[in-house]
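Student: So that we are looking at the same thing, I have put the structure below in structure tokens.
Just so it is clear, none of the values below were taken in a lab; they were calculated from the coordinates. Keep in mind that what you see is a predicted model, and the values were worked out from it rather than measured. In this analysis, Cβ positions are derived from the backbone assuming ideal geometry, glycine residues included, and neighbour counts consider all displayed protein chains.
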Amino acid sequence: MGGMTLSGIEVRIGQRKILDDVTVEFPAGKVTVVIGPNGAGKSTMLAVAAGSIKPHAGVARLGDDDLRHLPARQAARRRAVMPQDSHVAFPFTVREVVEMGRTPWSGSSPADRDICDEALELTQMTAMADREITTLSGGERQRAALARVITQATPVDTESVILLDEPTSAMDIGHAEATLSLARDLARRGAAIGIVLHDIDSAAAFADQVVLMHHGQVHVAGTVGDVCRAETLSDVYETPIEVFERDGRVHVTPRR
């Protein structure tokens, strides 16, 4: 069994619950997009899935395996994470950063180099492979971070889980669309894809299922049609939002 499931997750800071009984499934072969206003708990939830935050209650599972009981290297071979902050302070080249994704596999073989080359090509970073990462723009650094995640997740199949926190926040529209299209391609190869996005219209365009979070809880989850409703979104985001269908897909925009 592939994919990942968070069940009954609770995270507290002092007496405040950041996550309250959160249950989310990231099924194999699907793109699951998590949306919600600032402070809803989206990044905290993804950090629990990444293993970087230990919940006070609940269980995170990779397939059938409790994440707490998996050796770190084994978990890293099955689940790759792109955090919201992918800043690298040292002047590694882009290729060196991407090659770090093979660390869980202890690889430095020609096959590993081929995997890195493919990831650079998929993220349109081949021409920048020898650039120092510190010289890149924010969007370029995000693409390098995505390439690293892909090298870590390879071979991408039904056992792969790829989690991306705001992967397009600094990208121009062309690269943002290409990145989300690439996420869909990885899902077609069998991977479970979980993405936190602020752009609700992009969520509606690329998601197989959507999780709307609010005040540390799952407000509603389901298909794009189930979740992306004008009344629901307007209530949660506390601003008028319009939802309409055109050319066979749902569009979401502020009502101006």
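Student: For Phe26, which sequence-distant residues (separation of 5 or more, or a different chain) have an amide H within less than 5 Å of its own amide H, given hydrogens modelled in the peptide plane?
Tutor: It is Met4, Thr5, Leu6, by chain and number.
Student: Under a cut-off of 25 Å between alpha-carbon atoms, report the lysines in cross-link reach of Lys54, not counting same-chain residues fewer than 8 places apart.
Tutor: Lys17, Lys42
Student: Would you please give the FRET efficiency between Asp117 and Ala72, computed as 1/(1 + (r/R0)^6) with r the Cβ-Cβ distance and R0 = 25 Å, to the nearest 0.05?
Tutor: My answer for the efficiency is 0.40.
Student: Compute the FRET efficiency between His251 and Gln124 as 1/(1 + (r/R0)^6), taking r as their Cβ-Cβ distance and R0 = 22 Å, and round to the nearest 0.05.
Tutor: Calculated transfer efficiency: 0.25.
Student: Sticking with this structure for a sec: Antiparallel versus total DSSP beta bridges in the chain: what percent is that, nearest 5?
Tutor: The answer is about 60 percent antiparallel.
Student: Given [x] 19.1; [y] 19.7; [z] 18.6 as candidate values of Kirkwood radius over Cα pairs in Å, which corresponds to the one derived from the coordinates?
Tutor: Matching the structure shown: [z].
Student: Using 0.36 nm per residue, how much length does the chain from Ser109 to Gln84 gain when fully extended, once their Cα-Cα distance is taken away?
Tutor: 6.0 nm
Student: Mind jotting down the distance between the C-alpha centroids of region 1-74 and region 98-170, whole Å?
Tutor: Cα centroid to Cα centroid, the span is 23 Å.
Student: Could you check the spin-label model distance between Ile173 and Phe92? Points 7 Å from the Cα along Cα→Cβ, value in nm.
Tutor: Those two pseudo-labels are separated by 3.4 nm.
Student: Run lengths n ≥ 4 of DSSP H only: what is the helix-derived mean residue ellipticity at 222 nm for the chain, with -39500 (n - 2.57) per run over all residues, to the nearest 500?
Tutor: -9500 deg cm²/dmol
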